[in-house]
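What follows is a short report on a single structure.
The values are calculated or read from the model by the stated rules, or taken from the named source; none is laboratory data. What you see is a predicted model, and the numbers here were worked out from it, not measured in a lab. Using ideal geometry, Cβ is built from the backbone for each residue, glycine included, and neighbour counts are taken over all protein chains shown.
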Amino acid sequence: MIKKEEVKHIAKLARLGIDAKEQEKFQKDLSAILDYFESLKKVETEGIEPTFHPTERFLEKSAEKMREDKEKTAAPELAEKLIEAAPDKEKRHIKVRAVF
Amino acid sequence: MELEKLTIKEIHQGLMKKEFSALELAKRFLDIIGRKDKDISAYLTITDDLAVSQAKEADEMISKNQEIPLLAGVPMAVKDNILIEGVKTTCASKILEQYIAPYDATAVNKIKKEGAVILGRTNLDEFAMGASTENSAFFPTKNPADLSRVPGGSSGGSAAAVAAGMAVWALGSDTGGSIRQPASFCGVVGLKPTYGAVSRYGLVAFASSLDQIGPIARTVDDAEIAFNAIRGKDERDMTSVELNFKSQIPNSKSRFHREYSTRSAQIPNPKSQIKNLVIGVPKEYFVKGIDSDVEKTIRNAIKKIEELGAKITEITLPHTEYALPAYYLIATSEVSANLARYDGIKYGLSKQEKNLLGVYLESRGKGLGVEVKRRIMLGTYALSAGYYDTYYLKAQKVRTLLKKDFDEAFLKVDAIFTPVSPTAAFKIGEKITDPLSMYLSDIFTVSVNLVGLPAVSVPVGLSAGGLPVGLQIIGKPFEENKILGIAKIYE
């Protein structure tokens, strides 16, 4: 069973506001799921390389696969729409609360 | 005429011969949705204005006697995690409840160019995380075959809409089975393309190394037409690739493709070419826990292709039992990174707290549902200091072993047959309180995503209780045409 303190710590790292009831629930759920993950320990992986991506294209001659590093301009309406989506703004500036 | 039962090609012919107009067709489907969706709840948003204007455009093309694409005038639906410009895209989450998509996903852009008629946005498990569509923040979708049961998930709305005749076909997304499992539960066809076959641009990210967009349809032919319309290289998704399907030889020089180009990949002409096929049946997919009705139906389907002359061979995919834990570690790790974007600042729900941390905690705490939070927590844990090697890295090594299992199997076989899910559709509420039992519903579908293979779910019969059962046909990378060709023998 993972500790409640650990659950609180993870929630904070993940920037998730969870209440006491959720803390308790996640403590139980995460413990059960992590126990299930333990079965992976049975697999011998000595000398096995990880596969981070199904195609592994990124690993070989990656420069050839990527587009040229050139600036591309999108339609100006798109930029306006993206700014428009921000919940708190002043003119074309997105407002952010003070850090402290 | 029962317009709602026509296939894409039949609709195409009907439109060209002017037996009915695209507008009539769109209105018929909107009418059916109006009547049936009260019970099924497949749709989150009905885009009737958009459908009507697109149908009028299709009619105009026809009236000018232009050659029209196959999808023109065909009414369809889009899962609510694939962006449609100017339309709400909620991902069935409170955090995006009011979010209007600023641009089209590439897949949507492609079908719009073909003249498709978009009827609406279909329900899903929040951010596509789930296997029953019960994780939608708004309401669950019901299985049209039995309203007390789930339609599967996460593309449950898309599968239910197609099964109930409320769309000819639909777009879904599949990260660990989210197209195939609901297709199986609802008795329709679902294709999860090879990773890279369809651009992910405009698909709201869940797990980027696993996500693919694909079609759900009533017939294999319809799924194939839709797939051909959406596939292809897109400069906005660097993981997408262009394929030369005509020659059937992938044109990429990457290792991924080279390894698989050993056997020829002709489209099997149903029945006549089935004879030359070797079908692998992995013994690890027929173990304790699989429903006896499901097993019997799948065994019968295997017998059917054997009778048509295909050679059936038992194979082994020895690391199968580790696929599910590896999948959930990798998927949740990617979730924890991908969903960091919901910060209450750029878009979506925002709780205006006193300081920045408060905005994050409250916006995410209130805006995200319990399963999404659970997965973010799991992923954060798996990636955190001290656990990275034990969990995340270990899972990625197991992924290499899974890939080797399939590589070796595909040296001997053309396609692999398995059940899609260990059970038919379960009751609403049956698994929702036990996350682990819900995860186990994905046990036969996740390997395909980890390795990046294409797989189709095709209905092959009913359980004793009258519920649809789907067969999963897994192919080599970029051999969608071959597995779809094989699937056609079951229609």
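Here are the numbers for this structure:
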read-out	value
Of all residues making up the range B:354-377, the number that are within 24 Å of the chain's Cα centre (by Cα) and part of a helix (DSSP H, G or I)	7
Near pairs, Cβ below 9 angstrom, 6+ apart or cross-chain, from the range B:3-32 (closer than 17 Å to B:Gly165 by Cα) to any residue that is basic (Lys, Arg) and in a loop (DSSP other than H, G, I, E, B)	B:Lys5/B:Arg218; B:Thr7/B:Arg218
Test set (1) crowded, with 24+ Cβ neighbours inside 10 Å; (2) at pLDDT 95 or above; (3) farther than 15 Å from B:Leu124 by Cα - B:Val162 fails condition number	(3)
Where B:Ser41 falls short, out of the listed (1) on the phi < 0 side of the Ramachandran plot; (2) touching a Phe, Trp or Tyr at 6+ places or on another chain (Cβ under 9 Å); (3) of a type outside the set (Val, Ile, Thr)	(1)
Near pairs, Cβ below 9 angstrom, 6+ apart or cross-chain, from the range B:220-239 (on the phi > 0 side of the Ramachandran plot) to any residue that is modelled with pLDDT of 95 or more and not aliphatic (A, V, I, L, M)	B:Gly232/B:Thr106; B:Gly232/B:Lys110; B:Gly232/B:Ser199
Residue match in the range B:52-74 (condition: at pLDDT 95 or above, closer than 30 Å to B:Val150 by Cα and not hydrophobic (A, V, I, L, M, F, W, C))	no
Some residue of the range B:95-106 being over 29 Å from B:Lys233 (Cβ atoms), modelled with pLDDT of 95 or more and assigned to a loop (DSSP other than H, G, I, E, B)	yes
Complete set of residues in the range A:16-48 that are more than 11 Å from B:Met377 (Cβ to Cβ) and at the interface with another protein chain (Cβ under 7 Å from one of its Cβ atoms)	A:Gly17, A:Ala32, A:Tyr36, A:Phe37, A:Ser39, A:Leu40, A:Val43, A:Thr45, A:Ile48
Scan of the range A:64-83 for residues that are in a helix (DSSP H, G or I) and facing chain B (nearest Cβ under 8 Å), ordered by number	A:Lys65, A:Leu78, A:Lys81, A:Leu82
Unmet criterion (only one of (1) crowded, with 24+ Cβ neighbours inside 10 Å; (2) over 17 Å from the mean Cα position of the chain (by Cα); (3) away from chain A (no Cβ under 14 Å)) for B:Leu96	(3)
Unmet criterion (only one of (1) facing chain A (nearest Cβ under 8 Å); (2) within 22 Å of B:Ile330 (Cβ to Cβ)) for B:Tyr387	(1)
Lone qualifier among B:Glu408, B:Glu430, B:Glu491, B:Glu480 - being surrounded by 24 or more Cβ atoms within 10 Å (Cβ to Cβ) and acidic (Asp, Glu)	B:Glu480
Answer residue from the range B:328-353, given it is among the hydrophobic types (A, V, I, L, M, F, W, C) and part of a loop (DSSP other than H, G, I, E, B) and is nearest to B:Ala137 (Cα to Cα) among those	B:Leu349
Restricting the range B:343-357 to residues that are of a type outside the set (D, E, K, R) and touching a Ser or Thr at 6+ places or on another chain (Cβ under 7 Å), the residue that is surrounded by the most Cβ atoms within 10 Å (Cβ to Cβ)	B:Gly344
Among the residues listed as B:Gly73, B:Gly86, the single one being out of contact with any helix residue (DSSP H, G or I) (no Cβ under 8 Å at 6 or more places or on another chain), small (Gly, Ala, Ser) and in contact (Cβ under 8 Å) with a residue 12 or more places away in the chain	B:Gly86
Subset of the range B:311-342 that is touching a Lys or Arg at 6+ places or on another chain (Cβ under 7 Å), of a type outside the set (Val, Ile, Thr) and surrounded by 23 or more Cβ atoms within 10 Å (Cβ to Cβ) - its residue that is nearest to the other protein chains (Cβ to nearest Cβ)	B:Ala326
Lone unmet requirement of (1) in contact with a helix residue (DSSP H, G or I) (Cβ under 7 Å, 6 or more places away or on another chain); (2) modelled with pLDDT of 95 or more; (3) more than 8 Å from chain A (Cβ to nearest Cβ) for B:Ala464	(2)
Pairs where the first residue, in the range B:477-490, is more than 12 Å from B:Asp414 (Cβ to Cβ) and the second is among the aliphatic types (A, V, I, L, M) and assigned to a helix (DSSP H, G or I), C-beta under 6 Å, 6+ apart	B:Leu484/B:Val220; B:Ala487/B:Val220; B:Lys488/B:Val220
Evaluation of B:Glu306 against (1) within 30 Å of B:Val458 (Cα to Cα); (2) crowded, with 23+ Cβ neighbours inside 10 Å; (3) of a type outside the set (Val, Ile, Thr) (one fails), failing number	(2)
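Residue-wise test of (1) closer than 30 Å to B:Gly187 by Cβ; (2) facing another protein chain (nearest Cβ under 8 Å); (3) out of contact with any Ser or Thr (no Cβ under 7 Å at 6 or more places or on another chain).
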residue: B:Lys366; (1), (2), (3): no, yes, yes
residue: B:Tyr381; (1), (2), (3): no, yes, yes
residue: B:Lys394; (1), (2), (3): no, yes, no
residue: B:Ile416; (1), (2), (3): yes, no, yes
residue: B:Thr433; (1), (2), (3): yes, no, yes
